[in-house]
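What follows is a single structure, written as structure tokens, with notes after it.
Taken together, the values in this text are just the output of simple stated rules run on the coordinates, not laboratory data. Bear in mind the structure is a predicted one, so any value in this text is a computation, not a measurement. Note that we place each Cβ from the backbone using ideal geometry, even for glycine, and neighbour counts take in every protein chain shown.
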Amino acid sequence: MSVTVIVGMQWGDEGKGKVVDFLVKDADAVLRYQGGSNAGHTVVLKGKKYIFHLLPSGMLYPGKLCIIGDGVVVDLPLLVEEYDTLKREAVEVGDLRISELAHLVMPYHKILDELEERRRGEQKIGTTRRGIGPAYADKVSRVGIRVGDLLRPDLFEEKLKFVLDRKNEIITKIYGERPLDILEVRNLYLSYTDFIKDKICNTVYLVRSLIEEGKEVLLEGAQGTLLDITYGTYPYVTSSHPISGGACVGAGISPRDVNDVIGVLKAYNTRVGMGPFPTEMEEPLGSLIRERGGEFGATTGRPRRCGWLDAVMIKYSAKLNGVNKIALTKLDVLTGLEKIKVCVAYKVDGKITEEFTPFLEGVRPIYEEIDGWNEDITSARSLSDLPPEARRYVKLIEELVGCKIFFIGVGAGREEVILL
Ligand code: GDP
Ligand code: IMO
Ligand code: MG
């Protein structure tokens with residue numbers, strides 16, 4: 001029996017999709033536990049790129065149980081489109097299940113995400129505009145609508161009417177925009193009941209039975225630790241709990257069920273959207289890494305801000321999540337740099353500290369510098385295939401974080417990995 005949480009250790013886009021796709025072949029099921037279509041998880045198979053927003057990253061394994069968990073917010077029209085597109089592109093796909101407890105992202109959530117961001121002006125978060133914040137806010141305010149409500153059309157309509165009246169007031173009176181038509185929204189959403197009918201389930205019992213049967217279950221996190229609503233760099237965060245603790249409330253399991261926590265760590269640092277970033281690279285280096293690493297948002301296409309690895313931050317991440325194994329990704333992207341910097345401490349108010357603070361404004365990074373390498377490492381399949389400088393970098397990360405690396409990504413493809 002084994003339950004493994006896969007969590008992003010930085011600001012998202014660490015390569016969780018690739019790591020999950022790799023681990024799924026030996027697992028029985030994979031469940032997404034939080035977030036929504038703000039996620040963009042990439043899997044490259046035989047040179048073809050698949051980007052998963054709502055579907056778990058195990059969907060490329062025929063028949064593998066892929067579950068959208070209780071903690072996810074589901075943009076149903078987008079999910080149906082993603083599923084249909086994948087079915088057209090891949091010969092066979094995973095066996096999809098959707099939690100009846102997952103909340104729906106409704107059209108007004110996306111409109112309000114957009115309008116609120118615009119209104120914030122200079123203070124904007126830089127959200128993906130996928131309606132995530134407004135959907136989670138409604139869940140907490142107890143005016144959310146759940147996937148399970150769709151199977152009770154009268155109840156669904158009643159709930160929709162109640163909430164849409166209020167949302168339309170905000171849309172028209174505060175923002176001066178056009179209201180949404182209740183019948184249009186109702187009809188659109190109820191048209192998806194056929195799609196969800198054979199996929200919807202009580203995932204608490206489903207996951208429980210998998211665990212009791214001794215099956216291997218992966219819990220796939222979206223976003224990353226520093227985007228956590230409580231522990232991240234608030235307010236420049238997402239509206240859910242990407243951390244491993246979020247896996248329990250997003251999958252309906254007990255902390256006692258979790259055996260392993262795999263932290264996915266990119267060999268450097270990136271961030272999309274606004275907010276402080278102490279180790280952000282200067283130009284032209286930032287652009288060079290962005291181009292080499294293909295650091296453009298998988299969901300929005302926005303250029304990602306690039307920076308050096310921040311060991312202070314990832315040590316915090318490792319502790320917060322209870323990471324016991326690290327999957328290091330994109331080591332190949334650092335090839336060709338004369339020197340590689342790692343932030344080993346912060347200078348805060350004139351004092352040097354190794355303790356992370358999510359109040360990052362004004363924090364100055366203190367770097368350790370090591371030699372880079374020039375050899376192409378994309379065909380390396382064992383540690384000994386790596387140049388000594390790359391091995392030194394891997395060892396340095398293990399020492400700084402105090403945790404073993406078991407997987408090193410040296411390219412985007414499924415096979416481009418070193419296993420330790
Ligand atoms: P996720 O959101 O954490 O799943 O990460 P994304 O898919 O948004 O971004 C990671 C990007 O890096 C994708 O384009 C992946 O195909 C790519 N990638 C993942 N691992 C590696 C790696 O080891 N090397 C290289 N060069 N690319 C990788
Ligand atoms: P994956 O799962 C990187 C960022 C947005 C913004 C902030 C809030 O692919 O790693 P939201 O739309 O969630 O309200 O936006 O969070 N963000 C991500 N950044 N990877 C992601 O997902 C992200 N999901 C949200 O850019 O700064
Ligand atoms: Mg991503």
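What to note about this one:
- Taking the range 103-196 as the region of interest, the number of lysine pairs whose Cα atoms are within less than 19 Å, with members eight or more places apart or on different chains, is 11.
- Distance from the range 298-314 to the range 36-59 (C-alpha centre basis), Å: 18
- Simple label model, 7 Å out from Cα along Cβ direction - Lys49 to Thr85, nm: 1.2
- Rounded FRET efficiency, nearest 0.05, which uses the C-beta distance separating Asn187 from Glu92 and R0 of 35 Å: 0.65
- Added length on full extension, which subtracts the Cα-Cα distance from 0.36 nm per residue, Arg414 to Ser2: 146.0 nm
- For the pair Glu280 and Leu383, the difference between a 0.36 nm per residue extended length and the Cα-Cα distance amounts to 34.2 nm.
- In the chain, the DSSP beta bridges split such that about 40 percent are antiparallel, to the nearest 5.
- Using a simple spin-label model with pseudo-atoms 7 Å out from Cα toward Cβ, Ala137 and Asp28 lie 4.2 nm apart.
- Rh by Kirkwood over Cα pairs, then Stokes-Einstein D for the chain at 1.567 mPa s and 4 °C, µm²/s: 59
- Length added when fully stretched, Lys395-Asp154, from 0.36 nm per residue minus Cα-Cα: 80.8 nm
- Listed by chain and number, the aspartates and glutamates whose C-alpha is less than 15 Å from the C-alpha of Lys319, apart from same-chain residues fewer than 8 away, are Asp228, Asp260, Asp310, Glu354, Glu355, Glu398, Glu399.
- Take the Cβ atoms of Asp260 and Asn374, set R0 to 35 Å, and the FRET efficiency comes out at 0.50.
- Ignoring lysines fewer than eight residues from Lys49 along the same chain, the ones with Cα atoms less than 17 angstrom from its Cα are Lys16, Lys18, Lys87, Lys330.
- Relative to the Cα centre, the charge distribution of the range 237-337, modelled as +1 at Lys and Arg Cβ and -1 at Asp and Glu Cβ, gives a dipole magnitude of about 160 debye.
- Within the range 103-196, the percentage of alpha carbon pairs spaced more than 15 angstrom apart rounds to 61%.
- Distance from the alpha carbon centroid of the range 116-155 to that of the range 218-253 works out to 17 angstrom.
- By the count of neighbouring beta-carbon atoms within 10 Å, fewest first, Phe359, Phe407 end up ordered Phe359, Phe407.
- 222 nm mean residue ellipticity, helices alone, for the chain (DSSP H n ≥ 4; -39,500 (n - 2.57); rounded to 500): -9000 deg cm²/dmol
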